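Chemist: Right, I'll just put the structure down here and ask away after.
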Amino acid sequence: MPEQFPHFVRIDRDGWRAAAHYVVHTRDPRFTLELSPDPEAPDRIGQGIIKRIHVPNSWAGDYGRYGRLLQAAQEFFVQSNPSGQPSSRR
């Protein structure tokens with residue numbers, strides 16, 4: 001796992017309808033980013049399409065800081081894709 005993202009964890013779940021992908025920031029500010037696979041990407045996952053963001057109420061205010069964290073979460077998602085494996089559901 002890339003060492004430049006020490007506070008991120010990726011969780012992939014296969015459901016009967018579709019795969020779900022989550023990136024969790026484990027330090028303050030804690031948040032969860034839910035992504036769906038990008039069907040247009042060569043690996044059928046890509047950067048993911050942001051489906052939902054779960055953030056604490058205290059996020060109101062410094063949107064620039066949190067925007068950078070969300071961007072880092074998406075970059076982590078891209079770099080943590082296990083050897084470009086496609087999503088198992090399609």
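Chemist: Roughly what would the spin-label model give for ARG65 and GLU40, points 7 Å off Cα along C-beta, in nm?
Modeler: 3.4
Chemist: Dipole of the chain, Cα-centred, from +1 at each Lys and Arg C-beta and -1 at each Asp and Glu C-beta, to the nearest 20 debye?
Modeler: 260
Chemist: Also, quick follow-up: Which value at 222 nm does the chain reach when only helices count, each DSSP H run of 4 or more adding -39,500 (n - 2.57), with the total divided by all residues and rounded to the nearest 500 deg cm²/dmol?
Modeler: -6500 deg cm²/dmol, from helical runs alone.
Chemist: Looking only at GLN79, GLN71, GLN47, which one moves most when the chain is put into a Gaussian network model with springs between Cα atoms under 10 Å?
Modeler: Top of the fluctuation ranking is GLN71.
Chemist: On to the next question. Taking the Cβ of each residue in ARG27, ARG52 as the centre, tally the other Cβ atoms inside 10 Å and list the residues starting with the fewest.
Modeler: The order, fewest Cβ neighbours first, is ARG27, ARG52.
Chemist: Work from the charge dipole of the chain (Cβ charges, +1 for Lys and Arg, -1 for Asp and Glu, about the Cα centre) and give the residue of HIS7, GLN79, LEU33 farthest towards its positive end.
Modeler: In the chain, that residue is LEU33.
Chemist: Please report the relative contact order for region 8-80, taking Cα pairs under 8 Å with a sequence separation of at least 6, and give it as a percent rounded to a whole number.
Modeler: 26 percent.
Chemist: Shifting gears a bit: What does the charge count near TYR22 come to, summing +1 for each Lys or Arg and -1 for each Asp or Glu among other residues with Cβ under 11 Å from its Cβ?
Modeler: Net of charged neighbours comes to +2.
Chemist: Here are several values of Cα extents along the principal axes in Å: (i) 40, 34, 22; (ii) 41, 28, 16; (iii) 38, 28, 20. Which one was derived from the coordinates shown?
Modeler: Computing Cα extents along the principal axes in Å and matching it to (i) 40, 34, 22; (ii) 41, 28, 16; (iii) 38, 28, 20 gives (iii).
Chemist: Between helix 63-79 and the chain, what is the angle of the helix's C-alpha long axis to the longest principal axis, kept within 0 to 90° and rounded to the nearest 10?
Modeler: 30
Chemist: What is the order of HIS21, HIS7, HIS54, fewest Cβ neighbours within 10 Å to most?
Modeler: Listing HIS21, HIS7, HIS54 from fewest to most nearby Cβ atoms yields HIS54, HIS7, HIS21.
Since every read-out is calculated from the coordinates, none of them should be taken as a lab result. Computed from a predicted model, the values in this text were never measured in an experiment. FYI the Cβ positions are ideal-geometry reconstructions off the backbone, even for glycines, and counts take in every protein chain you see.
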